Amino acid sequence: MFVLRLVAVLALLAIAIAFGLFLYTRNRRYLTWTWRILQFALVFVIAVMVLYVLERLVLVI
């Protein structure tokens, strides 16, 4: 769970920085980075949660 929290904090920090740069420069590239970081973070969280559920199912069986 430590890795999940670390990735969450780093992703939120990166999203905040990229979005702040977008607001400062109005360059759409930073908005694209924000969306891409959010997508990768969500995929990572979903993958970890699926593995966690599979682990719990294996322990039950």
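Structure values in brief
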read-out: Per-selection Kirkwood Rh - the chain (Cα, Å, 1 d.p.); value: 13.0
read-out: Cα-projected label distance for Thr32 with Leu57, points at 7 Å along beta-carbon direction, nm; value: 3.8
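Bear in mind that the values in this text are calculations on the coordinates, not laboratory data. All figures in this text were calculated on a predicted structure; none of them were measured in a lab. Every residue, glycine among them, receives a Cβ derived from its backbone with ideal geometry; neighbour counts consider all protein chains shown.
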